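Scroll down for the structure; my scribbles are underneath it.
The values are calculated or read from the model by the stated rules, or taken from the named source; none is laboratory data. This is a predicted model, so every value here is computed, not measured. FYI the Cβ positions are ideal-geometry reconstructions off the backbone, even for glycines, and counts take in every protein chain you see. Side chains are part of the model used for accessible areas, which takes the heavy atoms of the whole protein and leaves out ligands, DNA and RNA. Shrake-Rupley method; radii C 1.70, N 1.55, O 1.52, S 1.80 Å.
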Amino acid sequence: MTEWFKPAGSTARDGFDVAVTPGDKEWEYSGLYVATLRPGQSVEFDTDDCEYLVLPLSGSAEVVVDGESVPLGGRADVFAGPTDFAYVPRGTTVAVTSAGGARIAFPHAKAANDYLFRRIGIEQVESELRGAGVSSRQVRNFGTPGVLEADSMIACEVLTPAGNWSSYPPHKHDEHKPGKESVLEEIYYFELQLSDAAPVGVQGNDPIGYQRVYGTADRPIDVLAEVRSGDLVLVPHGWHGPAMAPPGYDMYYLNVMAGPGAEREWLITDDPQHGWVRELWATQQIDPRLPFEQALPFGAEGEES
């Protein structure tokens, strides 16, 4: 156990299952809330000096800011496909209601400028297949620079098939090197599921994965966490990766990043001992199990609604 590994429920407060925010101990820029809403239940809070996203993890919701309402169609779960979401600026009150029940993530970050409250449709979510071979993973770049207009927050979703490694080769973003590396705190929020290869009727399973974070010589940090659904790993600095999905279990994680830089940019440096691994991808195939998408959108015939 380390201070940077947060098991499910360990950060719960104020009605949120997950609550990490700028101003917490040794944490300055990025944040994440996760709320579970029963049918008809609402959650309301002030954004203060942070910009927020409202991201359904499962289920759908309605978001209201200053009397303006937008619907979020949502999804059955994080493996089923992307979702539409909402951007909420600092200095406002946001209310989120789910008629049918939902789990909602609220990535957020310190902000110095204001952008308009708006809904971002599912059709605007960019998805890419990254890596190859056992390093194949899917990245949904819904909140990255060039995709989402925001002040400081960067967010994406990563899906890793059973047996594969993500966040690999290990990399860091904790030094300001113009054009090469940017300073960003990072949050990993995990969910896992049985893979399609599991025999029918498997019961009592406890999906697990692993996350590694290790430091540089002058800034030590050491995390090797066995992660389950709802767990967090915080990366204040240092090399991070791999995120490992053991055989039999698919892994999802939501990344939330922000830092002190004047430019909103996501620039990384590979660990020089392992960066050569990228060269292997040119001779390998992308995992055929990707992408993780369902045939029908959430709420369509034959799916949950």
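So the values come out like this:
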| item | result |
| --- | --- |
| Leading residue by the ranking (farthest from Trp27 (Cα to Cα)) among those in the stretch 267-279 that are open to solvent by less than 70 Å² (accessible area, probe 1.4 Å) and among the hydrophobic types (A, V, I, L, M, F, W, C) | Val277 |
| Given (1) part of a loop (DSSP other than H, G, I, E, B); (2) farther than 16 Å from Ala258 by Cα, index of the condition Leu57 fails | (1) |
| Top-ranked residue in the stretch 1-37 [being in contact with a Lys or Arg (Cβ under 7 Å, 6 or more places away or on another chain) and not in a strand (DSSP E or B); ranked as nearest to Asn113 (Cα to Cα)] | Tyr29 |
| The stretch 173-197, subset surrounded by 15 or more Cβ atoms within 10 Å (Cβ to Cβ) and among the aliphatic types (A, V, I, L, M), residue farthest from Thr21 (Cα to Cα) | Leu192 |
| Boolean, Val43 is over 20 Å from the mean Cα position of the chain (by Cα) and either open to solvent by less than 70 Å² (accessible area, probe 1.4 Å) or within 19 Å of Phe85 (Cα to Cα) (or both) | yes |
| Number of positions in the stretch 233-266 that are polar (S, T, N, Q) and either free of Cβ contacts under 8 Å to residues at least 60 places away in the same chain or surrounded by fewer than 23 Cβ atoms within 10 Å (Cβ to Cβ) (or both) | 0 |
| Test set (1) surrounded by fewer than 16 Cβ atoms within 10 Å (Cβ to Cβ); (2) touching a strand residue (DSSP E or B) at 6+ places or on another chain (Cβ under 9 Å) - Ile286 fails condition number | (1) |
| Residue check for Ala243: under 13 Å from Phe190 (Cβ atoms) and among the small types (Gly, Ala, Ser) | yes |
| Where Gly81 falls short, out of the listed (1) in contact with a Lys or Arg (Cβ under 7 Å, 6 or more places away or on another chain); (2) closer than 24 Å to Ser152 by Cα; (3) small (Gly, Ala, Ser); (4) outside any strand (DSSP E or B) | (2) |
| Residue check for Gly23: at positive phi and out of contact with any Phe, Trp or Tyr (no Cβ under 7 Å at 6 or more places or on another chain) | yes |
| Subset of the stretch 122-150 (residues that are closer than 18 Å to Leu280 by Cα and surrounded by fewer than 20 Cβ atoms within 10 Å (Cβ to Cβ)) | Leu129, Arg130, Ala132, Gly133, Val134 |
| Strands (runs of 3 or more DSSP E) enclosed by the stretch 168-268 - at least 3 residues per element that are over 16 Å from the mean Cα position of the chain (by Cα) and either within 24 Å of Ala132 (Cβ to Cβ) or at pLDDT 95 or above (or both) | 209-216, 219-227 |
| Residue list for the stretch 215-261, restricted to those being aromatic (Phe, Trp, Tyr) and farther than 21 Å from Gly31 by Cα | Tyr249 |
| Filtered residues of the stretch 124-167 (kept if part of a loop (DSSP other than H, G, I, E, B) and free of Cβ contacts under 8 Å to residues at least 24 places away in the same chain) | Gly146, Val147 |
| Residues being under 26 Å from Asp174 (Cα atoms) and of a type in the set (Lys, Arg) - total across the stretch 1-51 | 2 |
| Residue in the stretch 106-117 that is within 19 Å of Tyr33 (Cα to Cα) and touching a Gly at 6+ places or on another chain (Cβ under 6 Å) present | yes |
| Every residue from the stretch 49-93 that is open to solvent by 60 Å² or more (accessible area, probe 1.4 Å) and under 22 Å from the mean Cα position of the chain (by Cα) | Asp49, Glu62, Pro71, Arg90 |
| Close pairs (7 angstrom Cβ cut-off, 6 or more residues apart or separate chains): without any contact (Cβ under 8 Å) to a residue 24 or more places away in the chain in the stretch 175-204, open to solvent by less than 70 Å² (accessible area, probe 1.4 Å) anywhere | Val202/Leu194 |
| Among (1) under 19 Å from Lys110 (Cβ atoms); (2) assigned to a loop (DSSP other than H, G, I, E, B), the one test that Gly40 misses | (1) |
